[in-house]
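Chemist: Let me give you the structure first, and then I'll get to my questions.
The values are calculated or read from the model by the stated rules, or taken from the named source; none is laboratory data. Keep in mind the model is a prediction, meaning the values are calculated, not measured. When we count neighbours, we look across all protein chains shown, and the Cβ atoms used for this are built from the backbone with ideal geometry, even at glycine. Side chains are part of the model used for accessible areas, which takes the heavy atoms of the whole protein and leaves out ligands, DNA and RNA. Shrake-Rupley method; radii C 1.70, N 1.55, O 1.52, S 1.80 Å.
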Amino acid sequence: MTTEYKFNAWTGQDDNAINGNLQYKEITPKPWEEDDVDVKIIYSSICGSDVSGLSGHFGPVQPDRVAGHEIAGEVVRVGSQVKDLKVGDKVGIGAQCDACGECRWCGDHRENLCPKMTFTYGGHDYPRGKAKGTQTYGGFAKYWRGPAKFAVRVPDGLDLAEAAPLCCGGLTVYAPLARYGAGTKAKEVGVVGIGGLGHMAILIGTAMGANVTAISRGTAKEAQAKELGAKNYIATSNDLKKDFEKHARSLDLIICTINPSNLPVADYASLLSPDGTIVFVGVVPEPLAISSFQLIQGQIGVAGSLIGSPADLANLFELAAKKGVHPMIEKFNMDDINTAIQGARDGKPRYRYVLVNTDNGGKL
Ligand SMILES: [Zn+2]
Ligand SMILES: [Zn+2]
């Protein structure tokens, strides 16, 4: 079957793509399979890893790379094997578009941990079916095609433009907040960094019933953090030991969203109460250093977290709809993507740029 719509997209051709050089052209999506959906893309936000993915930081940009993995749109075609979605449903798609479906982690509904997990763009290996080896294409486009399993229904009551940034950034912080019991077991939650991820961690942690402490350099973002719902604020300087001294053992969970080249984890871990955990969701290139003595004496842990599962995303959408979680977004017409992507490269978003396909029904 041929479709009446075209898979036109803003493609990166090389590592210079990030500098406003995305080219609009038609791409060929994966071959249609009966567990797929086609989605008309209405909104697609720009995640920090899109900037990396279009500048060659994740390896050289391959021709026709279509970035974008915070996609919100409307289902326009469903395969005969798809049970949970119908034409007209609103859905969100995050950073993962496939998994093997057979391993222990897939069986456990933790598909993000599948050894064959496939990224929404830049992947070349759908692990199942006839699309094996086909390039995966993301959301800087008019349409998206992929396994329905990874298109999660957006409930009524959640603004579709605000749902987009929840698909990767929001999910990345929500999954560890949920796993470590934010609002229940972990009443006191620290969020390091107030950017794309950090601002959503404050909003979501607060919506989960935790007392959030925002931790950021200087006092510039204090008022903003409190507006987002943070109860407390710790301003950091060049002397973290002194900054953190009076807050020792005050936090049950810390979500670290920043990615400096190195990070003194031992200082941050001094903020943890016994049984507390500091979770990394931002990449810190230099190895982390902490003594086993500190881990034992504090009875604390250092952990990482990789996006989240489709089930986590469904739970996040429910929470956001029920509690009114509103990521701070700034909209751009997707036609102006080459301006927006350079702004994202330069760290300008406060805190998420959302690209809008007005011809697909998106509202600026
Ligand atoms: Zn698997
Ligand atoms: Zn992302």
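Chemist: Please figure out what share of the DSSP beta bridges in the chain is antiparallel and state it in percent, rounded to the nearest 5.
Modeler: Among the beta bridges of the chain, antiparallel pairing accounts for roughly 50 percent.
Chemist: Using a ≥ b ≥ c from the Cα gyration tensor of the stretch 59-133 (square roots of the eigenvalues), is it rounded, prolate or oblate, where a/c under 1.5 gives rounded and otherwise the larger of a/b and b/c decides, a/b for prolate?
Modeler: On the way: a/c = 1.69, a/b = 1.11, b/c = 1.53.
Here the stretch 59-133 falls in the oblate category.
Chemist: With labels modelled as points extended 7 Å from the Cα through the Cβ direction, what inter-label distance (nm, one decimal) is found for Ser80 paired with Asp125?
Modeler: 3.1 nm
Chemist: Top to bottom by accessible area (1.4 Å), largest first, where do Asp336, Asp252 land?
Modeler: Asp336, Asp252
Chemist: Given contacts defined as C-alpha pairs under 8 Å and at least six residues apart, what's the relative contact order of the chain, whole-number percent? Could you put the intermediate results ahead of the total?
Modeler: Numbers: 880 pairs, mean separation 66.0, N = 364.
Contact order relative to length: 18 percent.
Chemist: Excluding Lys30 itself, calculate the net charge of residues whose Cβ lies under 10 Å from the Cβ of Lys30, where each Lys or Arg counts +1 and each Asp or Glu counts -1.
Modeler: Spelling it out: positives minus negatives among the neighbours equals 0.
Chemist: I would also like to ask the following. Sort 185-194, 10-19 for me by packing, meaning the mean count of neighbouring Cβ atoms within 10 Å per residue, highest on top.
Modeler: Highest to lowest by the protection proxy: 185-194, 10-19.
Chemist: Sequence gap at least 6, Cα distance under 8 Å: using those rules, report the relative contact order of the stretch 1-129 to the nearest whole percent.
Modeler: Worked out over the stretch 1-129, it gives 21 percent.
Chemist: Right, here's the next one. Running a GNM on the chain with Cα contacts under 10 Å, which residue among Ile202, Ile46, Ile27 ends up with the highest mean-square fluctuation?
Modeler: Looking only at Ile202, Ile46, Ile27, the biggest GNM fluctuation is shown by Ile27.
Chemist: Kindly provide the Kirkwood hydrodynamic radius of the stretch 169-304 in Å, to one decimal, from all pairs of distinct alpha carbon atoms.
Modeler: Result for the stretch 169-304 stands at 14.4 Å.
Chemist: Can you classify the stretch 1-134 as rounded, prolate or oblate using the Cα gyration tensor, where a ≥ b ≥ c are the square roots of its eigenvalues, rounded means a/c under 1.5, and otherwise it's prolate if a/b beats b/c and oblate if not?
Modeler: Oblate shape, in that a/c is at least 1.5 and b/c is the bigger or equal ratio.
Chemist: Let me ask something else. Please list, in order along the stretch 248-265, the HN-Hα scalar couplings obtained from phi with the Karplus expression 6.51 cos²θ - 1.76 cosθ + 1.60 (θ = phi - 60°), rounded to whole Hz, x for Gly and Pro.
Modeler: Whole-Hz 3J(HN,Hα) from phi for the stretch 248-265: 4, 6, 9, 10, 8, 8, 10, 9, 9, 9, 8, 9, x, 5, 9, 9, x, 4.
Chemist: Could you report the accessible area of Lys90 in Å², rounded to 10, computed with a 1.4 Å probe on the protein chains as they sit in the structure?
Modeler: The accessible area of Lys90 comes to roughly 80 Å².
Chemist: Roughly how many Å is it from the Cα centre of the stretch 1-44 to that of the stretch 170-187, as a whole number?
Modeler: Result: 33 Å between the Cα centres.
Chemist: How far apart, in nanometres, would the label points at Glu245 and Gln342 be if each is projected 7 angstrom from Cα along the Cα-to-Cβ direction?
Modeler: Modelled inter-label distance: 4.8 nm.
Chemist: I'd like the accessible area for Arg77, computed on protein heavy atoms only with a 1.4 Å probe and all protein chains in place. Round to 10 Å², please.
Modeler: 30 Å²
Chemist: Name the residues whose placed amide hydrogens come within less than 5 Å of the amide hydrogen of Lys331, ignoring near sequence neighbours (fewer than 5 apart) on the same chain.
Modeler: The answer is Val354.
Chemist: Could you give the dipole magnitude of the stretch 218-266 about its Cα centre, charging the beta-carbon of Lys and Arg +1 and that of Asp and Glu -1, in debye to the nearest 20?
Modeler: Once rounded to the nearest 20, the dipole reads 80 debye.
Chemist: For Ser309, Ser52, give me the order by solvent-accessible area with a 1.4 Å probe, most accessible first, ignoring ligands, DNA and RNA.
Modeler: Ranked from most to least accessible, the order is Ser52, Ser309.
Chemist: Amide H of Gly190 versus every other amide H placed in the peptide plane: which residues, excluding those fewer than 5 positions away on the same chain, fall under 5 Å?
Modeler: Thr213, Asp252, Leu253, Ile254, Ile255
Chemist: Could you tell me which of Cys106, Val76, Asn360 has its Cα farthest along the dipole of the chain towards the positive end, charges placed at Cβ (Lys, Arg +1; Asp, Glu -1), taken about the Cα centre?
Modeler: Cys106
Chemist: Follow-up question, since we're still on this one. Rounded to the nearest 20 debye, what is the charge dipole size of the chain about its Cα centre when +1 sits on each Lys and Arg Cβ and -1 on each Asp and Glu Cβ? Kindly include the intermediate steps, with their values, before the conclusion.
Modeler: Details: 38 positive and 40 negative charges, 95 e Å.
Once rounded to the nearest 20, the dipole reads 460 debye.
Chemist: Of the residues Pro60, Pro287, Pro29, which exhibits the maximal mean-square fluctuation in a Gaussian network model of the chain defined by a 10 Å Cα contact cut-off?
Modeler: Fluctuation is largest for Pro287.
Chemist: Here's a follow-up. Need the C-alpha centroid separation for the stretch 257-286 versus the stretch 48-119, integer Å.
Modeler: The two parts, judged by their Cα centres, are 28 Å apart.
Chemist: Just Val78, Val66, Val152 to compare: in a GNM of the chain, with alpha carbon springs under 10 Å, which one fluctuates most?
Modeler: Val78
Chemist: Here is a further query. Express in Å², to the nearest 10, the accessible area of Phe293 obtained by rolling a 1.4 Å probe over the protein heavy atoms while all chains stay in place.
Modeler: That residue has around 130 Å² of solvent-accessible surface.
Chemist: Count the net charge of all other residues whose Cβ sits under 13 Å from the Cβ of Gly59, scoring Lys and Arg as +1 and Asp and Glu as -1.
Modeler: Around Gly59, the charge tally is -1.
Chemist: From the square roots a ≥ b ≥ c of the eigenvalues of the alpha-carbon gyration tensor of the stretch 168-213, which class results: rounded (a/c under 1.5), prolate (a/b over b/c), or oblate?
Modeler: Details: a/c = 2.03, a/b = 1.38, b/c = 1.48.
Note, shape of the stretch 168-213 comes out oblate.
Chemist: Which value in deg cm²/dmol, rounded to the nearest 500, describes the helix-derived mean residue ellipticity at 222 nm for the chain, given -39,500 (n - 2.57) per DSSP H run of n ≥ 4 and division by the residue count?
Modeler: Computed mean residue ellipticity for the chain: -6000 deg cm²/dmol.
Chemist: Hey, another quick one. Length gain on complete extension for the stretch Trp32 to Glu4, per 0.36 nm per residue less the alpha carbon to alpha carbon distance? Working shown, then result.
Modeler: Values: separation 28, 0.36 × 28 = 10.08 nm, distance 1.43 nm.
Net length gain for the segment: 8.7 nm.
Chemist: If you average 1/r across every pair of different Cα atoms in the chain and take the reciprocal, what Kirkwood value do you get, in Å?
Modeler: That comes to 20.8 Å for the chain.
Chemist: May I ask for the net charge around Ser44, where only other residues with Cβ less than 12 Å from the Cβ of Ser44 are counted and Lys, Arg are +1 while Asp, Glu are -1?
Modeler: +2
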